[in-house]
Amino acid sequence: MNFKKIFIIYKKELLDLMRDKRTVITAIVIPIVLYPLLMIGFTSLMIRQESKLEKQLVDVYIQDNISDENSQRISQALVEMENLRIKAENEYYENMLEDNFIQAFIEINDSLSTSGYHVFKVTISYNETNEKSKMAFERIRQKLYEVEKDFVTERLSAIQINEDILNAVDIEENNVAPPEQMLGFLLGKILPYFLIVLTLSAGAVVASDLVAGEKERGTLETILVSAAKRIELVIGKYLTIITISLITVLLNLFSMYLSFSYIISQSGVDIAEIQLPISNFVLILIAMIPLLTLLSAILLSISTYARSIKEAQSYQMPIIIGGMMLAMISIFPAFELTYGFALIPIVNFSLLFRDIMMGDFELSKFFVVVGSTIVLDIIAISVSIKLFKNESVLFRTVEEKSLKFWGKEKKNVFSVQFVILFFIIILMALFYLGGTWQAKDLMNGLFKTQIFIILLPTILVLRISRSDIKKTLRMNYTKPINYLIIVLMSIPVLLLAAVMGKLINYIYPVSESYLEGMKNLISVEDKSVWFSLFVVALVPGICEETMFRGYIINAFKKRGFWVSIIITAVLFGILHLDPFRMIPVTLLGIYMGYLLLKTNSIFPPMIAHFLNNGLAIILGNYSDKIPLLNKILEEDDISIWMALPSLVILFLLLKLFTKMNTNSIFVNNKKYIDS
Amino acid sequence: MIKVKNLTKVFLQKNGEELFAVNDLSFEAEKGEIVVLLGVNGAGKTTTMRMLSTVLQPTSGSATVEGFDIIEQPQKVRANLGFLSGDTGLYARLTAREIITYFARLYDVSEKNILSRISEIASLLDMSDFLDKKIDMLSTGMKQKVSIARSIIHDPPIMILDEPTVGLDILTARNIIDFIHKCKNESKCVLFSTHIMREAERIADRIVMIHEGKILAEGTWEKFKNETGLHDLDDIFVHFINQSKEQEEELDEL
């Protein structure tokens with residue numbers, strides 16, 4: 001690697017980009033012109049709107065059903081209010097409220113009083129969705145509190161009691177947070193989101209131009225035949241993306257700081273008092289750089305893979321949206337920077353930013369955040385370099401894309417494209433339909449989900465494609481001894497899954513209500529064990545295995561033994577729509593995929609699936625009655641100790657199982673063929 | 001000089017079948033010689049040239065450019081060759097001078113020499129008027145001149161030109177032909193590809209006909225005429241194709 005060449009490339013790319021309107025606008029003009037204008041404009045508009053609402057004349061109608069001396073005092077007090085007009089009597093007040101002809105309707109009634117004192121029941125009808133009506137309601141309520149206070153004072157003095165008797169507790173608010181911490185708290189919540197979104201959007205524009213753009217304009221080959229090495233080209237381009245993103249971030253920070261100062265000075269607070277310590281910004285910058293370089297490397301990889309700028313942009317979309325969602329985490333107060341979160345990119349920065357801004361962060365976590373991001377960073381940039389050295393990526397030609405999924409050809413439904421589409425549709429159906437069904441009635445909903453969303457569509461696809469269902473699903477005979485081994489393996493598998501669940505729970509603690517929900521699923525309190533076993537173990541065992549190990553796995557056949565098992569298992573993990581269970585479920589998926597391909601029969605994974613879910617139900621409900629089991633499941637240290645022997649037993653059993661099934665369908669681990 | 005030995009490139013197609021884009025190709029090109037790779041579209045000309053310019057890795061076989069191996073010393077190979085193709089793009093937002101300077105620096109031409117070299121080439125190609133204009137503003141002919149300037153800025157001993165006249169008008173194409181003759185006079189080694197028979201006929205010292213990745217025939221235009229008794233290069237080309245088909249059929253029968 002020659003640093004002089006990298007610098008030459010870097011300089012040229014910057015010059016080129018600085019002459020590109022798109023880059024200049026997104027990276028420079030928008031942050032320094034648009035955001036301050038929007039921010040200041042929006043704030044002043046809001047302030048003005050609010051004061052305008054307060055001064056607005058509102059029309060109300062008062063209906064006094066008592067009309068005695070005291071009740072008239074109430075209506076009189078309202079009549080004297082500023083910017084409030086009493087309308088003539090009208091019995092259609094509800095319609096008038098709806099039509100915003102009046103903003104509030106006040107009805108004064110008698111109410112029962114148990115202690116001999118008179119109580120007025122005043123009903124204020126208003127329209128919450130109408131800003132003007134809401135404001136009227138608040139003003140009237142405030143006025144009525146004052147009137148009430150007058151009444152109380154009078155009543156107390158009538159029986160010669162000092163009104164001070166009401167002041168039993170005198171609350172004085174004393175916020176010890178120094179002003180800079182308050183500001184830091186506010187900024188810490190929203191700034192990380194802005195920074196990440198801006199980095200991504202500026203980086204995306206630059207990255208898509210740098211490689212995909214060169215492909216589109218035909219300049220890539222020219223540069224590849226020049227004396228520069230590919231690694232020098234990648235690094236030069238990479239530094240360019242980082243530089244532009246960094247410029248955007250710094251400009252944004254600067255313009256945001258000025259806009260905030262402007263807004264604060266407008267609101268009358270002395271800005272000199274709330275200077276944020278500069279060291280905080282330095283720390284944030286140190287933490288920001290690895291993240292920025294990581295995002296740049298990802299965007300560069302996408303751009304290298306894409307054939308055109310347009311294609312690069314469509315691949316960037318999910319990254320940008322995903323990044324935005326992860327960045328939002330700092331807005332939610334419930335999330336704290338734990339070591340588990342410190343390992344997740346973007347989330348970790350977002351939370352660390354908040355902690356730093358509040359002047360309250362742990363150095364060890366800071367290093368975990370920076371360190372883990374750097375590790376990912378190195379992985380991402382080496383992917384970029386690898387892609388850039390891959391000639392089939394650089395000279396990717398436009399593929400013919402066929403949308404004729406439903407054609408008569410049998411092959412089509414087993415294409416990767418179709419299977420992924422199928423999977424996404426099922427996932428959406430599960431999310432929208434299944435969720436609704438299960439919310440209504442958990443057990444019934446689960447059953448319906450398995451049958452109508454998972455099993456039937458799979459069968460339907462196979463039927464329409466005229467595949468041989470029995471052959472595709474591998475409904476083949478397998479040796480009885482296999483079932484025996486699977487039954488034996490189910491116990492260590494379940495224990496390992498439980499330990500894994502505990503481990504994940506330890507790293508990413510989940511809420512009580514979530515655990516409660518999971519328990520409800522396996523507890524049989526109000527239903528019979530048989531019913532639970534049927535709905536939660538037997539039906540999923542058949543339906544989910546049919547979809548994944550029966551159908552989906554076939555699409556990845558060409559990619560080899562392990563790849564097809566793992567991809568199918570990951571999809572299986574995703575389908576459970578639960579990030580916390582994703583890893584254990586995926587591992588189970590791998591286990592079941594292995595059973596399938598080793599025996600070439602769908603029945604072993606179905607049985608294994610059934611046993612896993614079924615045992616979870618039985619253990620969940622009967623562990624109280626068996627003290628040893630209870631100990632294993634409840635006590636942390638014991639269950640960790642269980643992991644090792646379980647692993648050994650599982651390993652030995654798997655070895656035996658593999659040995660029993662060696663005369664199988666595989667040529668080798670890379671390729672396997674259907675019998 | 002260029003020495004190509006048993007060069008083969010196999011692409012894996014989407015349907016899993018292997019495509020022999022270049023199949024066991026061997027030929028040589030001497031210093032001061034213009035060798036034309038002649039073949040229809042898809043014959044394997046571009047793939048061959050991309051392998052020689054080290055952009056693609058050969059599946060098997062090897063080649064040396066100016067004595068440097070294309071697999072072992074790709075850096076040295078690229079430093080010694082000028083590459084020009086019909087669809088090489090230029091950076092639209094940069095000026096002609098900026099682009100030429102950029103490539104000169106990548107080729108390690110010293111800063112001192114860059115200036116003199118640019119003015120030398122500019123007067124040679126008559127491009128002084130638009131040297132400081134952005135590429136966006138230039139006509140196709142002007143752009144082609146910038147591309148030529150870019151490819152020879154480091155004065156390479158080898159020129160590889162992949163259908164450089166494709167899509168050009170007669171005058172601009174003529175510029176290229178003149179340029180190729182100039183290269184020959186400077187005793188550079190020129191490898192030129194085209195699918196236009198007349199072009200090959202006019203400039204080639206030697207013609208290498210390739211078809212479906214394989215060499216169909218090799219030699220001078222005179223030799224072809226004498227061998228086949230035909231006078232038109234189109235006819236000669238078709239003659240060789242038919243001949244190779246017959247040979248294949250004979251092989252199949254055996």
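The values are calculated or read from the model by the stated rules, or taken from the named source; none is laboratory data. Since the model is a prediction, treat every value here as computed from it, not as a measurement. Glycine also receives a Cβ, built like all others from the backbone with ideal geometry; neighbour counts cover every protein chain displayed.
State all residues of segment A:558-593 that are hydroxyl-bearing (S, T, Y) and touching a residue at least 60 places away in the same chain (Cβ under 8 Å); if no residue qualifies, say none.
A:Y591
Examine segment B:217-229 for a residue that is under 18 Å from B:A21 (Cα atoms), at pLDDT 85 or above, within 24 Å of the chain's Cα centre (by Cα) and assigned by TED's automatic domain parsing to the domain that holds B:G32, and state whether such a residue exists.
yes
Residue-by-condition table, conditions (1) closer than 14 Å to A:S384 by Cβ; (2) free of Cβ contacts under 8 Å to residues at least 24 places away in the same chain:
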{"residue": "A:P290", "(1), (2)": "no, no"}
{"residue": "A:A297", "(1), (2)": "yes, no"}
{"residue": "A:T304", "(1), (2)": "yes, no"}
{"residue": "A:K310", "(1), (2)": "no, yes"}
{"residue": "A:Q313", "(1), (2)": "no, no"}
{"residue": "A:Q316", "(1), (2)": "no, no"}
{"residue": "A:G322", "(1), (2)": "no, yes"}
{"residue": "A:A334", "(1), (2)": "no, yes"}
{"residue": "A:L337", "(1), (2)": "no, no"}
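From the set of residues in segment A:15-38 that are buried (at least 17 other Cβ atoms within 10 Å of the Cβ), touching a helix residue (DSSP H, G or I) at 6+ places or on another chain (Cβ under 7 Å) and more than 11 Å from every other protein chain (Cβ to nearest Cβ), which is farthest from A:I223 (Cα to Cα)?
So the residue we want is A:P36.
With the structure loaded, tell me whether A:E336 is modelled with pLDDT under 90, surrounded by fewer than 13 Cβ atoms within 10 Å (Cβ to Cβ) and not assigned by TED's automatic domain parsing to the domain that holds A:L224 or whether it fails that test.
Here the answer is no, as A:E336 does not meet what is asked.
Pick from segment B:157-167 the residues that are buried (at least 18 other Cβ atoms within 10 Å of the Cβ) and among the aliphatic types (A, V, I, L, M): which of them is farthest from the chain's Cα centre (by Cα)?
B:I158
Any idea how many residues of segment A:210-236 are within 39 Å of the chain's Cα centre (by Cα) and closer than 20 Å to A:F7 by Cβ?
Residues in segment A:210-236 being within 39 Å of the chain's Cα centre (by Cα) and closer than 20 Å to A:F7 by Cβ: 10 in total.
When segment A:303-315 is examined, which residues are found to be part of a helix (DSSP H, G or I) and either surrounded by fewer than 24 Cβ atoms within 10 Å (Cβ to Cβ) or touching a His at 6+ places or on another chain (Cβ under 9 Å) (or both)?
Within segment A:303-315, A:Y305, A:I309, A:K310, A:E311, A:Q313, A:S314, A:Y315 qualify.
It is to be established whether one or more residues within segment A:13-24 are within 27 Å of B:A92 (Cβ to Cβ), of a type in the set (V, I, T) and outside any strand (DSSP E or B).
Checked against the condition, which is being within 27 Å of B:A92 (Cβ to Cβ), of a type in the set (V, I, T) and outside any strand (DSSP E or B), segment A:13-24 yields at least one hit.
With the checklist (1) more than 30 Å from B:H195 (Cα to Cα); (2) at pLDDT below 90 in hand, flag the one item B:P164 doesn't pass.
Single failed check for B:P164: (1).
Cβ-Cβ distance below 7 Å, separation of 6 or more or different chains: which pairs start in segment B:27-40 with a residue that is more than 19 Å from B:S187 (Cβ to Cβ) and end on one that is hydroxyl-bearing (S, T, Y)?
B:L37/B:T48; B:L37/B:S193; B:L38/B:T194
Is there any pair with a first residue in segment A:236-264 that is more than 18 Å from A:A204 (Cβ to Cβ) and a second that is modelled with pLDDT under 85 and of a type in the set (S, T, N, Q) whose Cβ atoms are under 7 Å apart and which are 6 or more apart or on different chains, and what are they?
A:I263/A:T43
Among (1) surrounded by 14 or more Cβ atoms within 10 Å (Cβ to Cβ); (2) free of Cβ contacts under 8 Å to residues at least 40 places away in the same chain, there is one condition B:K184 misses while meeting the rest; what is its number?
The number of the failed condition is (2).
Only one of A:S402, A:S392 is within 12 Å of chain B (Cβ to nearest Cβ), part of a helix (DSSP H, G or I) and at pLDDT below 85; which?
Only one candidate passes the filter, namely A:S392.
Out of (1) surrounded by fewer than 21 Cβ atoms within 10 Å (Cβ to Cβ); (2) under 22 Å from B:N6 (Cα atoms), the odd one out for B:R198 is which?
All conditions pass for B:R198, except number (2).
Quick check on this structure: which one of B:E72, B:E30, B:E98 is farther than 29 Å from B:A200 by Cβ, in the same structural domain as B:L216 (by TED's automatic domain parsing) and among the charged types (D, E, K, R)?
Testing whether each residue is farther than 29 Å from B:A200 by Cβ, in the same structural domain as B:L216 (by TED's automatic domain parsing) and among the charged types (D, E, K, R) leaves just B:E72.
Scan segment B:120-137 for residues that are farther than 23 Å from A:E13 by Cβ and either more than 24 Å from the chain's Cα centre (by Cα) or in a helix (DSSP H, G or I) (or both) and jot them down.
B:E120, B:I121, B:A122, B:S123, B:L124, B:L125, B:S128, B:D129, B:F130
Show the residue pairs that are 6+ apart or on different chains and have beta-carbon atoms under 8 Å apart, the first residue being within segment B:91-105 and crowded, with 19+ Cβ neighbours inside 10 Å, the second being in a strand (DSSP E or B).
Cβ pairs passing all conditions: B:L94/B:K134; B:T95/B:K134.
Can you tell me which residue in segment A:57-109 is farthest from the chain's Cα centre (by Cα), limited to those that are part of a loop (DSSP other than H, G, I, E, B), of a type outside the set (K, R) and surrounded by 13 or more Cβ atoms within 10 Å (Cβ to Cβ)?
Among residues in segment A:57-109 that are part of a loop (DSSP other than H, G, I, E, B), of a type outside the set (K, R) and surrounded by 13 or more Cβ atoms within 10 Å (Cβ to Cβ), the one farthest from the chain's Cα centre (by Cα) is A:I66.
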